[in-house]
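The values are calculated or read from the model by the stated rules, or taken from the named source; none is laboratory data. Fair warning: this is a prediction, and the values are worked out from it, not measured in the lab. Cβ sites come from the backbone with ideal geometry, for glycine too, and all protein chains shown count toward neighbours.
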Amino acid sequence: MIKRNEDIIIQTVTRLLTPFVQLFALYVIAHGHYSPGGGFQGGCILAASFILMAVANDVAFVKRRLPERLTTALISAGVLIYAGIGLACLMLGANFLDYGILHRVLPVDAVKARALATLGVEIGVGITVMAVMVSIFLNLLSAGRHEEGAVE
Amino acid sequence: MTEHAPVLIIVIPLMAACLNILLGLWKKELSYPWAVLVTAVVFGLSLLLMQTVLSGGTVHYRLGGWAPPWGIEYVIDHLNAFLAVIVSFIGCIVAVYSRRSIEKELPGKQVYFYSIYLLLITGLLGITVTGDVFNIYVFLEISSLAGYALIAVGDDRAPMASFNYVIMGTIGACFYLLGVGYLYMVTGTLNMGDLSRILPGLSHSRVVYTAFAFFMVGTAIKMAFFPLHIWLPAAYTHAPSAVSAIAASTMTKVGAYVMIRIMYTVFKPAFSLEVIPMSAILGWASAAAMIAGSVLALGQKDLKRMFSFMLVAEVGYIVMGVSRGNSTAFTGAVLHILNDAFMMACLFLVAGAVRYRKNARNITDLAGLHQEMPLTMLALFAAALSMVGVPPTAGFFSKWYLILGTIKAGEWIFAAAFLLSSLLNAVMFYRVLETVYYTGEPTPKRQGGSSAAVNEVPLTMLGPILVMAVGVLVLGLFSGRIIDTVIRFTVPEGF
Amino acid sequence: MTNMEFIIGKYNYWIYIVLMMIGFYAMIAKRNLVKKIVGMNIFQTAIILFFVSIGSKKGGATIPIIRAGDEAVNAAQYINPLPHVLMLTAIVVMVSTFGVAMALILMIYRKYRTLEEDEILKPGAET
Amino acid sequence: MDTVHSIQPVLVLATSLAAAILIMVTGDRNRNLREAWTLVAALLKFLIVLSMVPAVLDRTILECTLVSIAPGLTLQFRVDSLGLFFALAASFLWLVTSFYSIGYVRSQQEHAQTRYFACFAGAMSATMGVAFAGNLFTTFLFYEIITICTFPLVAHKETADAMAGGRRYLTYLLGTSVAFQLTAIVLTYSFAGTLEYADAGILAGRAPDSVLMVIFVLFIAGISKAAMMPFHSWLPAAMVAPTPVSALLHAVAVVKTGVFVVLRVVLHVFGVDLLGDLGLGTALVYFASFTIITASVIALRQDNLKRRLAYSTVSQLSYVILGAALLTPSSITGGIMHIALHAFGKITLFFAAGAIYVAAHKTEISQLNGIGKQMPFTMAAFTLGSLSMIGMPPLGGFLSKWWIALGAIEAKELLILIVIATSTILNAAYFLPILYAVFFKEPRLGQHGSAGEGIHEAPLLMVVPLMLTALGALALFFAPSVFLDLARGAVSAVMGGQ
Amino acid sequence: MIWQLDIVILVLVVICAIAAISVKDLLGSAVLLGAYSFLMCLLWTGMGAVDVAFTEAAVGAGISTAFFIAAIYQTTRRTRD
Amino acid sequence: MKLFAFLAVVLTGAALIYSTFDMPDWGDTTSPANAHVSPRYIEQTLNETATPNAVTSVLADYRGFDTLGETTVIFTAAIVCIMLLRTRTDD
């Protein structure tokens, strides 16, 4: 399965499909307010696109697009975005995660500010989930050696 | 800033763990000072919180500004603040200690170790300060996942021990979650205060009984309460020393805290002790825990394994005190949470120091170490006295209250169990201390100057050990004051 | 209450219990580590089923997405969102535990070259 | 009777505690300085104790509350006649023993001397703590500290024998005190609501009779330092210790702490009236009598000198308990007096045994033939000591037996008179043969053919102290006034001025 | 949802669960677990929990199975029970 | 062992089924779970958070802290996997 087999059909289909999957993932993240979905589901789908890449090609293929240092940084970054939004509320004088206060810095009223902050939070969650899933998968698949690129 | 302290003690270590990963990408050496700094700040904040609670009573903090029961609320009373101070203090001390031992035991993994360590602290503190039953579950999982990992990176059999812990821990957490579900089903709320208002009217529903049973079993697994302790000895034996110390001294205590909260805050004493004969069930189980833990410890050769079984016995002490249903025993239990945290931390830190310096695990390897590591062994001695319950060490006072409480409840057999367990502890520590002080190289008849080279562990390890040892003594002398200022207020209404 | 109504009112809970017990059995009785994890997964999923069952509403209630232009929203028309939220969290916890358990299994396999518990616990099994 | 706040009791404790610390700090680097600390502390301590005598004789009680840890658990000192009596005897004998110890360990070139002296000082500090303790908690605290501090002394030689003896020592003392004494204290607190000693007792009317009896039995079983049978066997086992340790700790500090605590319990926790009502006194009387006779019989059969002395101690300790248990003014006076009088006599005997060991390396009685000629001073003191043990006038031991016998008549326990008489005969039976052998038998020619040669008196630092204590035993017969006044003060306090 | 369909799915879920823990091939177990998760999704959608179902579809049937197979790839398919 | 496990499971299951007799019926609109706290989420989500999807608004706003915890859980899982599986110790 993971061997570098030159199955051209699978590789081509994957290459064609990936952008659409990723686009859909972004849609799911962003549209969580109005339809089922949100950061977590979108992040999973985004991760699935990379997992698809890893399965169709090999680990090194994914690593070129998503270096390990980057995934590690993204894992933290997502949580920091989330907690950062919460802290921003705290700095502005409200309680932690009380998004309403953000209308002071955003050009909208308090209720809309909540929706916007929710979007920000979802993006943070999405980033983390995507990076986490990819990272865990690659680590499992290569038994912790994915820095070396191809797996045996 | 003060009014945000309840949430800051969670958010600061959480964000610090993330930042630590980013820092680690840049400079690996920064992890350790960063972790120490953060835990110290958290300790400061928890003291501040304690101060606030002492001066102004219970603190409520609404996350997201939503009023309970719609939003999540933090409710910090004396018990929460007390636990938070314990957890953050031990966390800080063990962080200081961990530098050299982790360098040796986990070379190259420090960045991840400290991140997970901070997450563990986050989880434990999160459990202690929150006032929402589901929120507890979330933080329970954070601390459990961190715990699984920290244990798994230990020595030879650690992964398997950790795996068993994963299985047991997940069952425990799931039972807890089911308890939450059952309660939610009949009350429609997740807020502890709200639950405690609604539940008395439902005290004859089978759903509520089931929920209570799930909670009890779940927390019992998490706190390694006999006979659900089977995961603990292997896990704490094989974990890295610093991890054993923090886990033994805080994780079981936080489990006990959750049990107290469920029994007396969510359900009221009237339900937990009268509608359901919890006092008898937990009483017999904890008597069994005390005796079995001590007896099993007696048969161990491995130092850390022996301490682990003693921990099982100590958990029995705490639960016994909690379930007696009178304020004396409850005071003893809460005091014992504090004392036991110190004693266990001290014991495991000493075991870690011995392993660091001598690469020794068994009791027989301690032979004659008092010449090489006099201060460390003195700390072991202090902790041992406290475990046996010799005044004026801390252990005596909590046992005093516990025994008085059982007598007040008229349960002589349980009082006898305390004494028997103490005696077994005495036998056990006699063995250890005899090995330390009276075996090994015969001392030269005349010691000119420093005969046996003193070879203590580095200061970052020795300091924490001594802090804990002195703490065991100081806490003993101050236990009256601690009870008067804090523990007195933790006793649930209805006792 | 007739028998039929009783069954219709409860059968979902019974299924959840059956599933949970299947998972529980696998967790404590199976010797293979991966099977234990499979059991764990089933166990947790059963709990999610239970929570979702708590929140469901019969009689025309729909998914909890408020239709635009609905001025006076009637809570009975929409399914209770709270258990869903809780279960999203639980799913995340589930997959996290799953990932960690799999990582542990890899570690164990690296050390013992087997996944059978009794073989691992044999003395001297380490390679 | 008025109560005065005073820090003197704390000072008494602090002197030897400070000495222990200073000894440890000084260590082996400067042995003279280290020994100087011991002596200075011993002297200072004795002087402070002495300075309290006038006030206490004036019926003043000196009190000092150090720290209140929790309700009931207060670290509290209270100097009354009984406590001061004990402290006076112990601190004086420490002073003497300090000199003796220095002579002993130096001549034996013992190892780990720093530990030895530090533990010695620590044990003395704790003994003072027991003497001045104002409540059961403080007593228990220092009682345990004595056990722990003396363990390194008992196991000092670190041989397998010594370790086994030490283990037995610790098992008995710690085991019984945790299992029984602590229980008794907890029970006392939960019924009486206080742990403070009171002249009339604190338990009267607080609990049903059956519970009181249980508490009493627990106390008596828990205070195994008093070496009542069947909890006596640690004492002979502890004889593996170096002789000064046996002397001080097992003639004065440890065992006397035991009987002292029994006295405290009998007089200040239960109270004379309550015990009389419950009939527990009589039970204790017979229990003590049994120990007295049995231990004496066992002592007869011992050949090892120290072991014979040990069993003699077991027997003599029960005199104190007997005196207290008879519950009459004379007998209690006698019991209290016996603490000091026996201490002076027994310490002399142990000192002599140590001197014999140092000078001649002999430990068995059968080896001692004719040694009196080589070591006249030592053996003269030994004679005085054993005569005091038997209770011959004009030696101190006579006084206490006399009072106890008087008490037995007052209490109309004629059987006890017989016990005392029998015991006296037995005492004579195991001491007089030694004296005969020492002075009148010809030394048996050993394998080396050089028996008796090269044996002479032990170092001066050892001989002088043992002469001093022997003379003390003599002097106490003629001038018991200070001790007697204190003992009478203690009795009149608990008996309400009878 | 039509209750007959509901019952069928419930029965299938139980069958999948039992099969997943009893097949002797871990890869088969993984696939059956995926199927189990997916059937669960259907059940939840029927109860109106679309978000949960969506997540479970992405996680349980997707990511989890991927993790599972990756782990099996690194270890072994064999099992004795 | 297997028999013991089976018995334990059957007994637990029986107890659980017994407890379902007191449960509100499945899908009961007026059960406490559906009547106490959750109506506010449904009725106010548009007014208070401008988010029609009540699940999202509860997830990210009303109970946002749970979600922060959840994100932390998964963050923990990732760090844990990296630490456990990582065989390289340099870099």
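Brief remarks follow.
This table checks each residue for (1) more than 12 Å from chain A (Cβ to nearest Cβ); (2) surrounded by fewer than 24 Cβ atoms within 10 Å (Cβ to Cβ); (3) in a helix (DSSP H, G or I); (4) in contact (Cβ under 8 Å) with a residue 24 or more places away in the chain.
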{"position": "E:D6", "(1), (2), (3), (4)": "yes, yes, yes, yes"}
{"position": "E:G28", "(1), (2), (3), (4)": "yes, yes, yes, no"}
{"position": "E:G34", "(1), (2), (3), (4)": "yes, yes, yes, yes"}
{"position": "E:F38", "(1), (2), (3), (4)": "yes, yes, yes, no"}
{"position": "E:V52", "(1), (2), (3), (4)": "no, no, yes, no"}
{"position": "E:T55", "(1), (2), (3), (4)": "no, no, yes, no"}
{"position": "E:T65", "(1), (2), (3), (4)": "no, yes, yes, yes"}
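- F:A35 meets the conditions (1) crowded, with 21+ Cβ neighbours inside 10 Å; (2) among the aliphatic types (A, V, I, L, M); (3) at the interface with chain B (Cβ under 9 Å from one of its Cβ atoms) in every case but one. The failed one is (1).
- Residue check, A:S35 within 14 Å of chain E (Cβ to nearest Cβ), buried (at least 17 other Cβ atoms within 10 Å of the Cβ) and at pLDDT below 90: yes
- Just one of (1) out of contact with any Phe, Trp or Tyr (no Cβ under 6 Å at 6 or more places or on another chain); (2) closer than 29 Å to A:E68 by Cβ; (3) of a type in the set (A, V, I, L, M); (4) more than 12 Å from chain F (Cβ to nearest Cβ) fails for B:M15. It is (4).
- All positions within the stretch D:206-225 that are of a type outside the set (D, E, K, R), farther than 17 Å from B:A415 by Cβ and touching a residue at least 40 places away in the same chain (Cβ under 8 Å): D:L212, D:M213, D:F216, D:I220, D:I223, D:S224
- Scanning the stretch D:1-54 for residues that are surrounded by fewer than 17 Cβ atoms within 10 Å (Cβ to Cβ), in contact with a strand residue (DSSP E or B) (Cβ under 8 Å, 6 or more places away or on another chain) and of a type outside the set (A, V, I, L, M, F, W, C) returns D:D2, D:T3, D:H5.
- Within the stretch F:71-83, residues that are at the interface with chain C (Cβ under 7 Å from one of its Cβ atoms) have Cβ atoms under 8 Å from residues that are charged (D, E, K, R) in these pairs: F:V73/B:E141, counting only partners at least 6 apart in sequence or on another chain.
- Qualifying residue in the stretch D:293-306 (condition: crowded, with 21+ Cβ neighbours inside 10 Å and either charged (D, E, K, R) or touching a Cys at 6+ places or on another chain (Cβ under 7 Å) (or both)): yes
- Of the candidates B:G64, B:G91, the single residue that is at the interface with chain F (Cβ under 10 Å from one of its Cβ atoms) and of a type outside the set (A, V, I, L, M, F, W, C) is B:G64.
- When D:V252, D:V240 are checked against the criterion of being surrounded by fewer than 24 Cβ atoms within 10 Å (Cβ to Cβ) and modelled with pLDDT under 85, a single residue qualifies: D:V240.
- The set of residues in the stretch D:423-481 that are of a type in the set (S, T, Y) and either in a loop (DSSP other than H, G, I, E, B) or at pLDDT below 80 (or both) contains only D:S450.
- Count of the stretch C:1-32 residues, restricted to those that are without any contact (Cβ under 8 Å) to a residue 40 or more places away in the chain and under 18 Å from E:A19 (Cβ atoms), is 13.
- Residues that are under 30 Å from B:L63 (Cα atoms) and more than 10 Å from chain B (Cβ to nearest Cβ) are absent from the stretch F:3-22.
- Flag if D:A118 is in contact (Cβ under 8 Å) with a residue 12 or more places away in the chain, at positive phi and within 14 Å of chain B (Cβ to nearest Cβ): no
- Residue check for B:V11: closer than 27 Å to A:A77 by Cβ and touching a residue at least 24 places away in the same chain (Cβ under 8 Å): no
- Of the set (1) closer than 21 Å to E:V23 by Cβ; (2) modelled with pLDDT under 90; (3) more than 9 Å from chain F (Cβ to nearest Cβ), all apply to C:I15 but (1).
- Residue ID - farthest from the other protein chains (Cβ to nearest Cβ), chosen from residues in the stretch D:170-209 that are among the hydroxyl-bearing types (S, T, Y) and out of contact with any Ser or Thr (no Cβ under 8 Å at 6 or more places or on another chain): D:Y197
- Matching residues in the stretch D:421-432 - criterion: being touching a residue at least 60 places away in the same chain (Cβ under 8 Å) and over 9 Å from D:I390 (Cβ atoms): D:T422, D:S423, D:L426, D:A429, D:Y430
- Any hit, the stretch C:48-60, residues being in a helix (DSSP H, G or I), closer than 18 Å to B:Y165 by Cα and among the aromatic types (F, W, Y): no
- Listed by position, the helices (runs of 4 or more DSSP H) enclosed by the stretch D:119-211 that each have at least 1 residues that are at pLDDT below 85 and not small (G, A, S) are D:160-176.
- In the stretch B:407-429, the residues that are more than 9 Å from chain D (Cβ to nearest Cβ), crowded, with 19+ Cβ neighbours inside 10 Å and assigned to a helix (DSSP H, G or I): B:F414, B:A417, B:F418, B:S421, B:L424, B:N425, B:M428, B:F429
- Condition broken by E:L10, with the remaining ones in (1) of a type in the set (A, V, I, L, M, F, W, C); (2) touching a residue at least 24 places away in the same chain (Cβ under 8 Å); (3) buried (at least 17 other Cβ atoms within 10 Å of the Cβ); (4) within 21 Å of C:L33 (Cα to Cα) satisfied: (4)
- Test: A:D58 is of a type in the set (D, E) and surrounded by 22 or more Cβ atoms within 10 Å (Cβ to Cβ): no
- Top-ranked residue in the stretch B:132-155 [being more than 7 Å from every other protein chain (Cβ to nearest Cβ) and not in a helix (DSSP H, G or I); ranked as surrounded by the most Cβ atoms within 10 Å (Cβ to Cβ)]: B:D132
- Residues in the stretch D:177-236 that are closer than 15 Å to D:V261 by Cβ and of a type in the set (K, R): D:K225 only.
- Filter result for C:K35 (farther than 16 Å from E:A53 by Cβ, without any contact (Cβ under 8 Å) to a residue 40 or more places away in the chain and more than 10 Å from chain F (Cβ to nearest Cβ)): yes
- Residue in the stretch A:4-24 that is within 30 Å of B:L19 (Cβ to Cβ), part of a helix (DSSP H, G or I) and at pLDDT 85 or above present: yes
- Test: residue in the stretch B:478-486 that is outside any helix (DSSP H, G or I), more than 10 Å from every other protein chain (Cβ to nearest Cβ), modelled with pLDDT under 90 and surrounded by fewer than 24 Cβ atoms within 10 Å (Cβ to Cβ): no
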